[in-house]
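**Q** Following this message is one structure expressed as structure tokens.
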Amino acid sequence: MVLMPQHVSENKIGQSLSALVLFPLLTSCHSFDDAQSDASFNASTQPFPTQVAPFDNYKEQVLNYLSANRSFVGTDKSAEIAMNMPFECGISVNDKGLFLVHGLGDSPYFFRELAATLCEKGLRVRVMLLPGHGSKPGDMLSVSYEQWQVETDFQLEQFASTVEQLYVGGFSTGANLTTISAFDRNDINGMIHFSPAFKSRFFVSKLAPYIDTLYPWPNVEAEDNPSRYNSTAMPGFAAYQESVNALARRFDNGNGNKTSLDVPVLMVLAEKDSVVDTQHVAQRFKENFTNDKKCLLWQGEEAPDVFIDNPSMSGQLLMQSMNLPEERISAASHMSSLFSARNSLYGTQSTFKICDNGQGSESEARCKEGKAGEDLWYGPWGYDDEDANRVYARLTYNPYFDAMIDKIVAFTSDESAGDFCTL
């Protein structure tokens, strides 16, 4: 039996109970008992360091926290801690800087390669670590949207004082958090978002805030990825959904009135993203981001609906085909934009593969065992392929990574929209 905390309202309890009918859609075959018996799925007693400044002190306290609380998935503990640490590069640069926030269950490693490349090209980049991340899945049991938003706002404010031109952005949930922050600032020169999770493809995600205490573990998976969690506690899903709700209130202030952000924006979206409602994001791009300098880098074959027969948006869309049979790529995934083919963990030479791809147990086993050999294909989770014989792993790299970097550099320069949103 799971006890409800005293502060939960009767309304929330009622909604939680009504949600039980749909709850099986959220669950997997893994047992909650498995989570209870594994220390990785219990929250740390030591609090995560928050609102710590300056950044060097913040990194030191996070390092101490991860050293004491991380459940390691491999033998190289120092490497794992380094992958999950907040970091900064280009610290000698003070004229132009980019502040980034990672996604749900992820880590700063997701920006390591991107940041290093941008710093080489003259930007300063800083990446924070959201509370509950980097240590063990159990630490997601105590997170909340409010905690994430307060920490994002705090760390962004610290970074803003170090640069003359401030750019902000994020991946997935991190894009939600930084966009919400942008509504309360007037010093942002531009936003750069990767797979912004403004709305989930799955209706049932809306239930997460109402059942987070009843069902803490909707999925329990073996942890083998040093850069992110495979399992996510329901409070983490709830915090994500609350960020969606908070952003929706910012975007639409009622009676159909749209609230705009007059800030230049560059977004990178995968048409077949299995997580994000990309048509909704494209709609937000059109309606809520009103600055003339904006570009949607769309990795797919068909333009978003809002661009069809809409000449007023000419020059704001850059299409990149992901139908690349020569590389056995069928479509981009939610995570693939952030890594190059050279990436040591997610690139083409790595032995690490994500085979849990919604394709059935037999195909997943063939992927894991390497029996697919040269015939292994890559795409997003749940990709529906007409060729039933193809075995898929998650696409974890961006074949257009270098071109994307060029667009980001151009975006952060003085070039107009027409100059950077072209092939």
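**Q** So which residue, out of E242, E369, E88, gets the largest mean-square fluctuation from a GNM of the chain using Cα contacts under 10 Å as springs?
**A** E369
**Q** Now for a separate question. By a straight-distance test (C-alpha under 20 Å), which aspartates and glutamates pair with K258 as possible cross-link partners, with residues fewer than eight away in the same chain excluded?
**A** Result set, ordered by chain and number: D184, E242, D277, E287, D292, D305.
**Q** Do any trypsin sites (Lys or Arg not before Pro) in region 324-363 lie in a loop, going by DSSP, with at most 15 other beta-carbon atoms within 10 Å of their beta carbon, and if so which? Before the final figure, lay out the partial values.
**A** Details: sites: R328, R342, K353; in loops: R328, R342, K353.
Sparse-neighbourhood loop trypsin sites (Lys or Arg not before Pro): R342.
**Q** Another question about this same structure. Of K77/K121; K96/K272; K121/K272; K96/K294, which sit over 28 Å apart, Cα to Cα?
**A** K77/K121; K96/K272; K121/K272
**Q** Can you list the residues of region 48-85 with backbone N under 15 Å from a point 7 Å past the Cα of I91, pointing along Cα to Cβ?
**A** Taking a point 7 Å out along Cα→Cβ of I91, the residues of region 48-85 whose backbone N falls under 15 Å are 53-63.
**Q** Separate question: Using the beta-carbon distance between Q349 and E157 and R0 = 51 Å, what value does 1/(1 + (r/R0)^6) give for FRET efficiency, to the nearest 0.05?
**A** Details: r = 40 Å, r/R0 = 0.78.
Efficiency computed from Cβ-Cβ geometry: 0.80.
**Q** Given 0.36 nm per residue, what is the gain on full extension from A79 to D252 after removing their alpha carbon distance, in nm?
**A** Details: separation 173, 0.36 × 173 = 62.28 nm, distance 4.34 nm.
Result: 57.9 nm gained on full extension.
**Q** To the nearest 0.05, how large is the calculated FRET efficiency for A403 and D262 if R₀ is 35 Å and r is the Cβ-Cβ distance? List each step's numbers first, then the result.
**A** Working: r = 27 Å, r/R0 = 0.78.
Computed FRET efficiency for A403 and D262: 0.80.
**Q** Follow-up. List residues of region 62-106, by number, whose backbone nitrogen lies under 16 Å from a label position 7 Å along Cα→C-beta of N42.
**A** Zone members listed by number: 69-72.
**Q** Can you give the direction-averaged projected area of the convex hull of the alpha-carbon atoms in region 324-398, in nm²? If you can, show how the numbers build up before the last one.
**A** Numbers: hull surface 17.9 nm².
Averaged projected hull area, Cα only: 4.5 nm².
**Q** Can you work out the Karplus-derived ³J(HN,Hα) for every residue in region 280-291? Use 6.51 cos²θ - 1.76 cosθ + 1.60 with θ = phi - 60°, whole Hz, and x for glycine or proline.
**A** Calculated HN-Hα couplings, in order: 5, 4, 4, 5, 5, 4, 6, 8, 9, 9, 9, 5 Hz.
**Q** Note down the nm distance, to one decimal, between modelled labels 7 Å out along Cα→Cβ at N245 and at T290.
**A** Here the answer is 2.8 nm between the modelled labels.
**Q** If one computes the Cα centroid of region 327-349 and of region 81-153, what distance in Å separates the two points?
**A** Answer, in whole Å: 20.
Any read-out appearing in this document is the output of simple, stated calculations on the displayed coordinates, not a laboratory observation. It should be emphasised that the depicted structure is a prediction, and the values quoted were computed from it without experimental measurement. Glycine also receives a Cβ, built like all others from the backbone with ideal geometry; neighbour counts cover every protein chain displayed.
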